[in-house]
Amino acid sequence: MLIGFFLVPPALKSRATPPSAAEQALRGIETEIAGLEQLNDSTFAKFFAKDWICLGPSRVLSNGEFVENVRLNFITHERGVNPCRIEKKNMQAHVFGDAAVVTYVKEYRQTRDTTKFFNEGDTDVFTREAGAWRLRFTKVVPVPTQAAAN
């Protein structure tokens, strides 16, 4: 019986390991950020480091610029709620001591016509300061939509 245990590839063994407390905390932060972003509530910036930046496909946003964009979205959308449902899919968290990388696909799906949506691939880099995770850097890339299989 012991021989079979050693024949299991290491990649399969690691998948059976439950997520660490740090990975769970990072997933919780990402989920909370998505919920607040859905409401155009800029309080999610509490997770950002002061020097956080977002590298997008066409521009770079500072912490202040990003918060201002969210504030303007709140003003321009009825009751502040985003006209798209925001969902983070395929999330993976990788912790390296006091640094971590979280990757996911963020789906924006219109609430009025759910057949209309777009996805972006996001990579978030966190560092742990005084026991709390702070988002330092976000990179956003477009993800091409795939045709539905018939």
Of the residues in region 42-80, those that are acidic (Asp, Glu) and closer than 19 Å to Trp133 by Cβ number 1
The strands (runs of 3 or more DSSP E) lying entirely within region 38-115 that contain at least 1 residues which are modelled with pLDDT of 85 or more, open to solvent by 50 Å² or more (accessible area, probe 1.4 Å) and within 28 Å of Glu23 (Cα to Cα) are 48-55, 60-62, 84-96
When restricted to Leu7, Leu2, Leu26, the only residue at pLDDT 80 or above and either under 16 Å from Val140 (Cα atoms) or not β-branched (Val, Ile, Thr) (or both) is Leu26
When region 11-23 is checked residue by residue, the ones that are modelled with pLDDT of 90 or more and either within 17 Å of Asn90 (Cβ to Cβ) or touching a Leu at 6+ places or on another chain (Cβ under 8 Å) (or both) are Glu23
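Considering each residue of region 116-140, count those that are of a type in the set (Asp, Glu), modelled with pLDDT under 95 and within 18 Å of Leu26 (Cβ to Cβ), and give that number. Steps first, please.
First, the residues of region 116-140 that are of a type in the set (Asp, Glu): 120, 122, 124, 129.
From what's left, modelled with pLDDT under 95: 120, 122, 129.
After this cut, where a residue has to be within 18 Å of Leu26 (Cβ to Cβ) as well, the list is 122, 129.
Residues that pass the stated criteria total 2.
The values are calculated or read from the model by the stated rules, or taken from the named source; none is laboratory data. Small disclaimer: the values here were computed from a predicted structure and weren't measured. Virtual Cβ from ideal backbone geometry, glycine too; neighbours counted across all protein chains shown. Surface areas here come from the heavy atoms of the whole protein model, side chains and all, with no ligands, DNA or RNA. Shrake-Rupley method; radii C 1.70, N 1.55, O 1.52, S 1.80 Å.
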